Amino acid sequence: MQHKFNLHQVIHELKHFLPAQAPLMDFVHHNTLHAFQSLPFHEALETAHVKLGYQVYFSLETFRTLHQAGRISDEIIDRTLAQKKGKDQEIWKGKLLHGQYNAMKSARVGAMRGQWKKQYNIDLDALVHPTLFRLLGSYLDQGISIWNFPIDDLSFLAAIRKMETNSWVSIFNKKTSQALLLDENISIQDILKLLVGKNEKNYEQYIYDQQFAHQGWSGMVSTVEDLPQTLLDKRQIKLEEFILLELILEFDALNHKIGSHWKPLDEHLTQEIPGLHDPIVKSELLEVLSLWQEAFEWTYYDQVLKGLQAERIEYLAPHQKSFQALFCIDDRECSFRRYLENIDAACATFGTPGFFNVEFFYQPIGGKFYTKLCPAPVTPKYLIKETGENKKREKDLHFSKHNHNFYSGWFFSQTLGFWSAAKLFINLFKPSMSPATASSLRHMDKFSGLQVDFDALHAEENGLQIGFKMEEMANRVEAQLRSIGLVENFAPIIYVVGHGASSVNNPHYAAYDCGACSGRAGSVNARVISQMANKPAVRAILAERGIHIPETSIFVGALHDTTRDEIVFYDDQINSADYKSLHAQHEQVFHKALDLNAKERSRRFESINSKETAESIHEKIRIRSVSIFEPRPELNHATNALAIVGRRELSKGLFLDRRSFLNSFDYRVDPTGEYLFGILKAAAPVCGGINLEYYFSRVDGEKLGAGTKLPHNVMGLFGVANGIDGDLRPGLPAQMTEVHDPVRLLLIVEHFPEVILKTIQKASDTYEWFINDWVKLVAVHPETQALFVFEAGAFTPYVPLIKSLEVIKDVESVIERHQENFPVYLINQY
Amino acid sequence: MTINTLLPIFIWVPIVGFLVSLILPKMNERLISGAAFLTMAIQMFAATIYVADWIFTGAKTFQVKEIILFQNEEYVFQIDFLFDKITAVYLLVGALLTFMVTLYSRTYLHREAGYKRFFNTTLFFYLGYSFTTLSGNLETLFVGWEILGISSFLLISFYRERYLPVKNAVKVFSIYRIGDVGLILAMWASHHLWGQNITFYQLNNAELVHDQLLQHSFIGVFISSMILLSAAAKSAQLPFSSWLPRAMEGPTPSSAIFYGSLSVHIGAFLLLRTFPFWEYQSSIRILIIALGLLTTFITTGIARVQSSVKSQIAYASIAQIGLIFIEIALGFETLALFHFAGNAFLRTYQLLVSPSVVSYLIREQFYSFEPRAKTIEDSFPKRLQLSVYVLCLKEWNLDTMMYEYFWNPLKWAGNKLNFINGHRLMLFFIPAFALGFYAMKQTQLLSENLQEATPVIFASLGLLLVFKSFTQRHSVRLAWILVIMNHCWIALAISFNEKFDQMENVLYLSGILVAGMIGYLTLQRLFRIEGKISLSRFHGLSETHPKIALVFLLACLGMTGFPISPTFIGEDLIFSHIREDQFALAAIVSLSFILDGLAVIRIYARVFMGPNSKTHAEFSNRYF
């Protein structure tokens, strides 16, 4: 049978498999193995492992060590094996505990192209990659080079063609290669015929081998092709052009090194190389690992579920609330909210995605671009502009391009050079905020205004509506309040707290900010929704729809800096003296909670003694965030494992060790699951994406994660690589993931199982997350507290195995115990 | 006792610090970095006081004669120190920067698997730096020079389980090796020029130097050229520039301090130190100025097109060093020192904060973006502009040039020797060696012409062996034995020269044979555990056999004539017996030394470094 090679289809599929990470400034978490999501979790992992050579679980030794340390419970192993293996349970337990398995086999990808080395002892990678990466890096560069790519108005390949025609120096060694490039009609197939031979059945595999030898760069090309707006200085590039150029460079290298003494590859393929997409033969090792993984996860899940059912001493929260506060669902807000509620029992906190249901582009004063402030898949139609005075930005001459030229560099090195020494000295002994710091506060100036109202005179800019109309505001405020169940009993002040992060010397700074705001701080959103909710016209519409916000309640925006544990209030909305003093009282509560939160976070940091007082620890945490020598300003989402969608009461009194996303939801406000659908539609990809990115970066730091960040070198402002000739490293650096336990997200929803089932089935892409087990779903019956696990398309009752959980008196003494993950505790402070 | 005699403490402090850091427990980060921090704090504090006192007491240049390591009637190997303005500046800048970077790395390297190794190597590097900058003669300088070379290799390959760092470490080592041999040849010629081992202090005697050079102008130029070769290699001047950006593979602080600042300025130091020697050789001064100027222009061009932040800083730094070379050649010593200090500080800091470039420049761009800012190159004619751009992007082919014109011909030659296998080696070379040995005992049997030619022939035979070793793709042990045999042939070749004391050969070969034996036994042991290992790929075995790896590394150092074995002095001694008219012999022996070192380091890298062959597929992406 003649195998036909369909280029378009192959490239389309290849793009799906390549890393999809956007340039650094737009870093948004996503499932690293998204290409395999249509398969059930374990099957997908095995497929990725066999085809692309990724490590997908902890190693067998690691699991066994965890078991010996008691981190994987024996009872859970037995139960898992009983469920999955039935009567063979004992045999499998033997395999898990003592089975001997051979080291891994080579992945399928790479084997065919590897024949060049086998046959001709030629290292094509070493000959082709440096030139290829350099051309691509220079073309995409966003502002590192001083002398930019000289042809800027053409697409990648066209620009290189023009360069070849108009330059005395060629990028190739041979004239024949240049001729190939300059032939406008040349196709990938033509060159593949030269390199691989006539048999088209090998073409697809060859291209995969070639592209997965530098998946980072190829992934960047593919991303920029699909989302050109992801680069501020836009570029036109296609993966197809990139592959064509690489093939010609390979052809050139072969001719240059071997002369004419080489034959197309298929003449050397004497023994059959397994096809990339051949069916996967199941391996026992992978199955053993998947069983370990299940046992590892359920050891933790079981405690959490037990905790949800545990009898807690019900205390009577005052009906009259002192204040209410909306936070992002982010796991980093989990402990902050616990402290607030502890300090002021009359307050209430809520969790919701941190863009607060207002989606727009934002343009600060003097900004030449728009910044998207909503989840990555949404494309807003609105624009919010900052108003007020133009601010001066501080500069740092060390980043100036002048000191790279020899004439100005001569001057700079003899002047600025000595200042550098002083500056380094100061930075080491007294770190402080500098122009190089990526600070959440810089996102929006506290004292500037925002154009929130729609104005018919300035209605549009570049196809975006400036500001919102009253009806549009009311819709957003209503949906926000209903989805978290805050529809009555409004407190005098309702804070809306966005979050952001501050760090220095950190190319991955965007990953530390709010994922729901496309990797930016959530301050603008918090302020926008507060202003909307304070408008009498909006409240009038809301009243018509049954939500009565009394005149005595005001909304106040705020920003929580998760690295420094600081909070900024946008309190320009508070005018009366009474409210000012009320606010001042609450500020005290916030500040005390932040001190304690800093202390809880510090237990993971080697350099801070967690036994000190909360205030002094907090000061050290602040210094840490501006220290250029600190690769872990904060730990971000590390250790995340849970997402709880339900009333606060469901998880109040549980010590979850900052491992849970918390989304407020009241089943009584939403009996049909209308708002629940909105929540799950976002929570599965957002929380699940974060969770899986951490999972895969942790289990394979080499291929799926970015490895240790210490040797990273910034390429073109869009990515990092090791050294100067390396591949781009998408994924998370080891410093972010090293304390993370790779477990899937356990999504707990408080509603009736039948309603949840109907809700998740509404959209097939959301349902895929659950039916294929990429996120584990558990329903908590709101009336009986009974638990149901979602398995194979249905909810089945679940009874926790663990008998009881440890009860702790106060959190402070617990967090001083050690640095590792804690089990779930019940907090009994009353 | 004057304060002058205290000078060696600046060697002893890093030695003690280094040795202490070796024995500290691997897991105790606090203790390891604490030891390094304390060492550097003492050094910096002492250096500051010392220099202040020295300035206060008149800032006079002085030398300190330390120990004599070897001596016979015509040859002395002694450790000397010299202190003057140049040393003072290098001492202070080095101590301050290393101190700050040590402090920086305490936190920065937290939880890194090689935490201890990093501080060990850093202190070792600093020891080499101190030795070099304090040295009072070429021999002492060479001790430091060798330490710098090997510690650079270890720092670049810090992430030894990855492919690129190891590959680049070997690449940099090979360039350094060229510099080493330049220095050996300079020492050789200088020995013949002066008839003794001269100190830098004596070079300051202008009359003496001038008289001597008038009589031997050719050899004077030769020495200066060799010094320039060494300096250019170490300071990444043309044509060696491309190694510097490729050295940026280790953790950022080590790249910052060593390749951003201290290590690359050592070439400039060598020129400053030897300035009185070539001061009156206008040809050399013009050559240095031309080289500096060319380097400055070319590397500025390359820096301007770099799209990665570290390579941009590296090339910008090379351009400044080019200017420093010019300043030195023009005799502006103080300016050069000032420029060195400023450039070292600036580049260190720039590299340390290089990760910040993303947030800083993106913010800048967000507020002040212009679609295409005009640069000077826009005024060039289009064709010229594009051609220069492509050349700069390809780094003027500097990286491939070393391969095309130097290493590849050597490899080609080595591959022609594929017929040599273990058996044939025994069959031919051992009887030949015995015959040679017999001939040496019975020199009177050989005709005069033959006597003249024999050393060259024998050394060439030795060179063939090391070619073979260098390109060996399979047997590790064969490659190792070939290096040992190469040294034996060299020893035999030199023995034909008159007035040769066999004791000197014993000194030379004792180190080689002991190290060779140890290395062979460790390899045997490794084979018993791991099965046969070939040189065709990396095996990364230091991960599973750290102890064997360490012993083998020490054996490698012994084999390369590192200053831990008597071979170090032996090598120098061997050269002193090559007569000044035997340029061919000198060339062959020095080429042998370059390749010996490379062959040995290549064996170490292939067997013990790189991705582990058990856990890494052969054809996977190596560029992580």
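Points to keep in mind about this one:
- Filter result for the condition that a residue is within 14 Å of chain B (Cβ to nearest Cβ) and without any contact (Cβ under 8 Å) to a residue 12 or more places away in the chain, over A:Lys257, A:Lys234: A:Lys234
- Subset of region A:615-629 [surrounded by 22 or more Cβ atoms within 10 Å (Cβ to Cβ) and not in a loop (DSSP other than H, G, I, E, B)]: A:Ile617, A:His618, A:Ile621, A:Arg624, A:Ser625
- Within region B:496-521, the residues that satisfy the criterion of being buried (at least 23 other Cβ atoms within 10 Å of the Cβ) and either hydroxyl-bearing (Ser, Thr, Tyr) or farther than 18 Å from B:Ile569 by Cβ (or both) are B:Phe496, B:Tyr508, B:Gly519.
- Residue match in region B:115-134 (condition: of a type outside the set (D, E, K, R) and outside any helix (DSSP H, G or I)): no
- Within region B:223-282, the set of residues being part of a loop (DSSP other than H, G, I, E, B) and either more than 19 Å from B:Tyr104 (Cβ to Cβ) or more than 14 Å from chain A (Cβ to nearest Cβ) (or both) comprises B:Ser235, B:Ala236, B:Gln237, B:Leu238, B:Pro239, B:Phe240, B:Ser241, B:Ser242, B:Glu279, B:Tyr280, B:Gln281.
- Members of region A:171-184 found to be outside any helix (DSSP H, G or I) and either acidic (Asp, Glu) or under 41 Å from the mean Cα position of the chain (by Cα) (or both), listed by number: A:Ile171, A:Phe172, A:Asp183, A:Glu184
Let's see how each residue does on (1) farther than 30 Å from A:Ala345 by Cβ; (2) surrounded by fewer than 18 Cβ atoms within 10 Å (Cβ to Cβ); (3) small (Gly, Ala, Ser):
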residue	(1), (2), (3)
A:Pro730	yes, no, no
A:Thr759	yes, no, no
A:Val778	no, no, no
A:Glu791	yes, yes, no
A:Val807	no, yes, no
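- Looking across region A:163-178 at every residue that is more than 9 Å from every other protein chain (Cβ to nearest Cβ) and surrounded by 15 or more Cβ atoms within 10 Å (Cβ to Cβ), the one that is nearest to B:Ser387 (Cα to Cα) is identified as A:Phe172.
- Taking region B:292-331 as the range and being in contact with a Phe, Trp or Tyr (Cβ under 9 Å, 6 or more places away or on another chain), surrounded by fewer than 24 Cβ atoms within 10 Å (Cβ to Cβ) and outside any helix (DSSP H, G or I) as the test, only B:Gly331 passes.
- When the residues of region A:341-394 are filtered to those that are polar (S, T, N, Q) and within 18 Å of A:Pro685 (Cβ to Cβ), the one that is farthest from the other protein chains (Cβ to nearest Cβ) is A:Thr352.
- In the set (1) in contact (Cβ under 8 Å) with a residue 24 or more places away in the chain; (2) more than 23 Å from B:Phe125 (Cα to Cα); (3) not hydrophobic (A, V, I, L, M, F, W, C), B:Glu73 fails one condition alone, (1).
- Pairing residues of region B:595-610 that are touching a residue at least 60 places away in the same chain (Cβ under 8 Å) with residues that are among the basic types (Lys, Arg), at Cβ distances under 7 Å and at least 6 apart in sequence or on separate chains, gives B:Gly597/B:Arg177; B:Leu598/B:Arg177; B:Met609/B:Arg160.
- Under the condition of being farther than 14 Å from A:Glu471 by Cα and assigned to a loop (DSSP other than H, G, I, E, B), the residues counted in region A:528-573 number 12.
- If you go through region A:772-820 and pick out every residue that is within 17 Å of A:Ala643 (Cα to Cα) and either of a type in the set (Val, Ile, Thr) or part of a strand (DSSP E or B) (or both), you end up with 10.
- Matching residues in region B:554-576 - criterion: being surrounded by fewer than 24 Cβ atoms within 10 Å (Cβ to Cβ) and assigned to a loop (DSSP other than H, G, I, E, B): B:Phe562, B:Pro563, B:Ile564, B:Ser565, B:Pro566
- Of everything in region B:152-163 that is in contact with a Phe, Trp or Tyr (Cβ under 8 Å, 6 or more places away or on another chain) and closer than 15 Å to B:Arg606 by Cβ, the residue that is surrounded by the most Cβ atoms within 10 Å (Cβ to Cβ) is B:Arg162.
- Residues of region A:110-129 that are in contact (Cβ under 8 Å) with a residue 40 or more places away in the chain and either aromatic (Phe, Trp, Tyr) or at the interface with chain B (Cβ under 8 Å from one of its Cβ atoms) (or both): A:Gly110, A:Ala111, A:Arg113, A:Gly114, A:Trp116, A:Tyr120, A:Asp125, A:His129.
- Verdict on B:Met402 being surrounded by fewer than 21 Cβ atoms within 10 Å (Cβ to Cβ), in contact (Cβ under 8 Å) with a residue 60 or more places away in the chain and farther than 23 Å from B:Ile518 by Cα: yes
- All helices (runs of 4 or more DSSP H) inside region B:333-424 with 1 or more residues being of a type in the set (Lys, Arg): B:333-352, B:357-368, B:382-393, B:408-415
- Residues in region A:106-124 that are touching a helix residue (DSSP H, G or I) at 6+ places or on another chain (Cβ under 8 Å) and of a type in the set (Lys, Arg) were compared, and the one that is surrounded by the fewest Cβ atoms within 10 Å (Cβ to Cβ) is A:Lys117.
- Looking only at region B:51-72, residues that are among the hydroxyl-bearing types (Ser, Thr, Tyr) and either farther than 16 Å from B:Leu7 by Cβ or out of contact with any strand residue (DSSP E or B) (no Cβ under 9 Å at 6 or more places or on another chain) (or both) come to 1 in all.
- When A:Leu662, A:Leu676 are screened for being part of a helix (DSSP H, G or I), in contact with an Asp or Glu (Cβ under 8 Å, 6 or more places away or on another chain) and away from chain B (no Cβ under 14 Å), only A:Leu676 passes.
- Qualifying residue in region B:357-364 (condition: touching a residue at least 12 places away in the same chain (Cβ under 8 Å), more than 7 Å from chain A (Cβ to nearest Cβ), among the charged types (D, E, K, R) and surrounded by 15 or more Cβ atoms within 10 Å (Cβ to Cβ)): no
- Scan region A:72-104 for residues that are within 14 Å of another protein chain (Cβ to nearest Cβ) and either surrounded by 13 or more Cβ atoms within 10 Å (Cβ to Cβ) or in a helix (DSSP H, G or I) (or both) and the total you get is 2.
- Checking A:Glu754, A:Glu738, A:Glu768, A:Glu783 one by one, the residue that is surrounded by fewer than 23 Cβ atoms within 10 Å (Cβ to Cβ) and facing chain B (nearest Cβ under 9 Å) is A:Glu738 and no other.
- For region A:700-723, the set of residues classified as more than 7 Å from every other protein chain (Cβ to nearest Cβ) and surrounded by fewer than 24 Cβ atoms within 10 Å (Cβ to Cβ) consists of A:Asp700, A:Gly701, listed by residue number.
- Some residue of region B:323-330 being facing another protein chain (nearest Cβ under 10 Å) and free of Cβ contacts under 8 Å to residues at least 12 places away in the same chain: no
All of the numbers you see were taken from the coordinates with simple rules; none came from a lab. None of these values were measured; they are calculated from a predicted model. All Cβ positions, even for glycine, are placed from backbone atoms using ideal geometry, and neighbour counts span all protein chains on display.
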